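Engineer: Sharing a structure, written as structure tokens. Questions coming.
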Amino acid sequence: MTTDAAAPALVRALNVTKAFHGVEVLKGIDLDVRRGEVVVLLGPSGSGKTTFLRCINQLETIDGGRIWVDGDLMGYDDRGGVLHRLTDRRIAAQRRDIGMCFQRFNLFPHMTAVENVAEAPVQVKGIGKREARERARTLLDRVGLADKADSYPAQLSGGQQQRVAIARALAMEPKLMLFDEPTSALDPELVGEVLAVMRELAAEGMTMIVVTHEMGFAREVADRVVFMDAGAVVEHGTPAEVIGRPQHERTRAFLSRMHAQETEHARVAAEHAAAEEAALAAEDPAG
Amino acid sequence: MTTTTEDRPGRIEARPVRHPWRWVAVAGIAVLAAMLISSFVTNERWNFPFAFEIMVQRPVIEGLWKGTIFGTFGAMVIGIVLGVLLAVMRLSTNPVLRGVAFVYTWFFRAIPRYVLLVLLGTGLVFLYPVFDIGVPFGQQISAALGLSTDLTFAQFAYRDLSSTIWVGALGLGLSEAAYMAEIARAGILSVDRGQTEAAQALGMPPGKTMRRIVLPQAMRVIVPPTGNETIAMVKDTSLLIAVPVIVELFYQSYQFGQRTFQIMPGIVAGTIWYLIVCSVLMVGQYFLERRFGRGFGTAPAARTKATEAGGEH
Ligand SMILES: Nc1ncnc2c1ncn2[C@@H]1O[C@H](COP(=O)(O)OP(=O)(O)OP(=O)(O)O)[C@@H](O)[C@H]1O
Ligand SMILES: [Mg+2]
């Protein structure tokens, strides 16, 4: 991905702090994300990755610092240096340009896939029902689910549900997509189909912040990797720098744990593929 | 293997467990039933034929439709709409709304329905035969300032309405709302927080999130107890006489019996109608629950096929 270093950041977080019940879980995060950039957030469990992502689209309110998305200060109106909290409606309006995918998909279970995707454009943007559904079908086609448009979430596999969730977020034509461990609730054999959609999205120039433990995705797709620990950014740089030549002990420790896990996953995947191949061969000895 | 069919265990033909106490219970029940039937047959004060006659008298039928059925319907509509509203208020972040909902629920749960109906019908009309709607203390202010108007904008003759089914249904509905609020609150809380967050992340404002995403899913939890509340409400319409609303099933059938010195047939006529209406509602509730209990985690049949299709990516 080529990004113009001189262009103003699409996302700018400055000294973001956040505490839950007096316990500080974000301790002054600084992060700039340029337009079209793919940033992967890495870090051990509890390091504050999810919390930071949720702060960007105001699902959590921050205690200190500032977050701007496309020049808009999130959650507040800055009137001559005095911050005024925005109303719920204005916060909702700020979220429209930011898509989010959750670890547990959070599809609306009482709506079919196409209804899930068309819901927000109709309700929020006031697009006509017919047009919204047509566009929803196009989006579902894009994530490879044209034939599942009329299925309910309960009738879909995890990987399919997450792809519907991505289509649902894209239907609002966001400037920015946030992914919170989009594949970690999936069976290993379903991870690939979701990552493929995300790769495509990155290739089309979508700005993305992705929390994931998929190191392959981080290495190949990320423009930048940010390693967080205990509510702070420990180091950041290109995948080659952070994953290839980590400078900090904590990063190295985390990566070696990840590496061990990845080797294990690769072994399971290979076994899986071998078993499948064997089954295919048994079924069709001529082929 | 050399075993023959003979020494392999075959079909089981065991003696079932005996239940002697069941038979004792059946005998006891049979005796009680016989006593009841003997009373029906020998004590002519039951007078069932006359009870059936009372059931189809015009005032009784009118009481059934206007008092019991319309009263239940009206009270439940008010109760459900207001109850959902109260539940949403109760869960809101606005402390004023939360407080109002709390005080409402507290008051209407504490006051007996019979007392509430007397208060709304007889009490309120004693206080305000006519409602004046205007500036508070308007008459005093205009007297002090020497104005020609008394600052009243509208008048409404409550005394014309005070002993109608409308006030009766309102009273029962206001009381029901306090209970429906708790049911709706449980329903709303049963919906996963992730649903609200997904809607928020899409930029949906809070009202739309509630209406489009949360409430439809809360219905699964709200519908079954609402069926129970409706059946309970059928029975509580017999309290309408407290308003007093005289176009009411039990009052009419009882009065009919009294006028003819046939007390028991009058009571029996009303009872049979309540049994019929409640039975119909119970059947309806059964189907409604089956409908709303369906869906959600079901239909995994698509899963295997789905996984194969997904594998193409
Ligand atoms: N709503 C909440 N209330 C209280 N504490 C919370 C809340 N959400 C998160 N925390 C705490 O904040 C810290 C950071 O959590 P967060 O979910 O951001 O971590 P994470 O990096 O996403 O971890 P994981 O990899 O396990 O998802 C944790 O210690 C967590 O217990
Ligand atoms: Mg997390």
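Engineer: Identify the residue in the range A:27-57 that is open to solvent by 10 Å² or more (accessible area, probe 1.4 Å) and within 14 Å of chain B (Cβ to nearest Cβ) and, among all such residues, is nearest to ligand 2 (Cβ to nearest atom).
Structural biologist: Residue satisfying both the conditions and the ranking: A:THR50.
Engineer: Could you please let me know if A:ILE91 is crowded, with 19+ Cβ neighbours inside 10 Å, more than 13 Å from ligand 1 (Cβ to nearest atom) and within 14 Å of chain B (Cβ to nearest Cβ)?
Structural biologist: Answer is yes for this residue.
Engineer: Another question, then. Quick one: how many residues across the range A:124-183 are farther than 23 Å from A:ARG95 by Cβ and at the interface with chain B (Cβ under 9 Å from one of its Cβ atoms)?
Structural biologist: Of the residues in that region, 12 qualify.
Engineer: Tell me which residues, restricted to the range A:99-108, are within 7 Å of chain B (Cβ to nearest Cβ) and open to solvent by less than 40 Å² (accessible area, probe 1.4 Å).
Structural biologist: Residues satisfying the conditions are A:MET100, A:PHE102, A:ASN106, A:PHE108.
Engineer: Let me ask you something else. Say we look at the range B:187-240 and pick out the residues that are within 16 Å of B:ILE78 (Cα to Cα) and small (Gly, Ala, Ser); which of these is nearest to the other protein chains (Cβ to nearest Cβ)?
Structural biologist: B:GLY227
Engineer: If you check A:GLY71 against the conditions, is it in contact (Cβ under 8 Å) with a residue 60 or more places away in the chain, open to solvent by less than 70 Å² (accessible area, probe 1.4 Å) and within 14 Å of ligand 1 (Cβ to nearest atom)?
Structural biologist: no
Engineer: Quick one: in the range A:180-195, which of the residues that are among the small types (Gly, Ala, Ser) and over 13 Å from the mean Cα position of the chain (by Cα) is farthest from ligand 2 (Cβ to nearest atom)?
Structural biologist: In the first step, residues of the range A:180-195 are kept if they are among the small types (Gly, Ala, Ser); the result is A:184-185, A:192.
Narrowing further to those that are over 13 Å from the mean Cα position of the chain (by Cα): A:185, A:192.
On the way: A:ALA185: 11, A:GLY192: 21 Å.
So the residue we want is A:GLY192.
Engineer: For the range B:76-99, give me each residue that is assigned to a loop (DSSP other than H, G, I, E, B) and either open to solvent by less than 70 Å² (accessible area, probe 1.4 Å) or within 11 Å of B:ALA181 (Cα to Cα) (or both).
Structural biologist: Initially, the range B:76-99 is screened for residues assigned to a loop (DSSP other than H, G, I, E, B), giving B:91-94.
Residues satisfying the conditions are B:LEU91, B:SER92, B:ASN94.
Engineer: Can you pull out every residue in the range B:21-57 that is outside any loop (DSSP other than H, G, I, E, B) and aromatic (Phe, Trp, Tyr)?
Structural biologist: Of everything in the range B:21-57, those that are outside any loop (DSSP other than H, G, I, E, B) and aromatic (Phe, Trp, Tyr) turn out to be B:TRP21, B:TRP23, B:PHE40, B:PHE48, B:PHE50, B:PHE52.
Engineer: Looking only at the range B:36-72, filter to residues that are among the aromatic types (Phe, Trp, Tyr) and touching a residue at least 24 places away in the same chain (Cβ under 8 Å); which one of those is surrounded by the most Cβ atoms within 10 Å (Cβ to Cβ)?
Structural biologist: Among them, the one singled out is B:PHE50.
Residue-by-condition table, conditions (1) among the acidic types (Asp, Glu); (2) more than 16 Å from ligand 1 (Cβ to nearest atom); (3) open to solvent by 10 Å² or more (accessible area, probe 1.4 Å):
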site	(1), (2), (3)
A:ARG137	no, yes, yes
A:ARG142	no, yes, yes
A:GLU189	yes, yes, yes
A:LEU195	no, yes, yes
A:VAL226	no, no, no
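Engineer: A:ILE98 fails exactly one of the following numbered conditions: (1) farther than 29 Å from A:LEU140 by Cβ; (2) away from ligand 2 (no atom under 13 Å from the Cβ). What is the number of that condition?
Structural biologist: Failing condition for A:ILE98: (1).
Engineer: Going by the conditions given, is A:LEU31 without any contact (Cβ under 8 Å) to a residue 12 or more places away in the chain, within 26 Å of B:LEU202 (Cβ to Cβ) and outside any loop (DSSP other than H, G, I, E, B)?
Structural biologist: So A:LEU31 does not fit the description; no.
Engineer: Determine which member of the set B:ARG193, B:ARG259, B:ARG220 is open to solvent by 50 Å² or more (accessible area, probe 1.4 Å), among the basic types (Lys, Arg) and under 23 Å from the mean Cα position of the chain (by Cα).
Structural biologist: B:ARG220
The values are calculated or read from the model by the stated rules, or taken from the named source; none is laboratory data. Because the structure is predicted, anything quoted here is derived from the model rather than measured. All Cβ positions, glycine included, derive from the backbone under ideal geometry; neighbour counts span all protein chains shown. The accessibility values were calculated without ligands, DNA or RNA, using every heavy atom of the protein model including side chains. Shrake-Rupley method; radii C 1.70, N 1.55, O 1.52, S 1.80 Å.
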